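Visitor: Below you will find the structure I want to go over with you.
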Amino acid sequence: MAILLFLIPISLLLLGVAIWAFVWAVRRGQFEDLDTASLDILQDDPPPPPQQRDADVDSKRDDDAG
């Protein structure tokens, strides 16, 4: 029974820390935009830009053929 005198204040202290951490996160904007991160995975990556080297090779082939 004496252990309750030790555990109850510790649990109240931990509860206070958890509430403080939640309020801090809300004030810092951690919960402002919850949808963007989950939608980012659905977007396609942009295509890679064409390489200049391939265009030079194609133009040389056209010059050699003509």
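The values are calculated or read from the model by the stated rules, or taken from the named source; none is laboratory data. Since the model is a prediction, treat every value here as computed from it, not as a measurement.
The rows are residues; the columns are (1) at pLDDT below 85; (2) β-branched (Val, Ile, Thr).
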residue: Gly16; (1), (2): no, no
residue: Glu32; (1), (2): no, no
residue: Leu42; (1), (2): yes, no
residue: Arg53; (1), (2): yes, no
residue: Val57; (1), (2): yes, yes
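Visitor: Within the range 1-52, work out how many residues are in a loop (DSSP other than H, G, I, E, B) and not β-branched (Val, Ile, Thr).
Guide: 20
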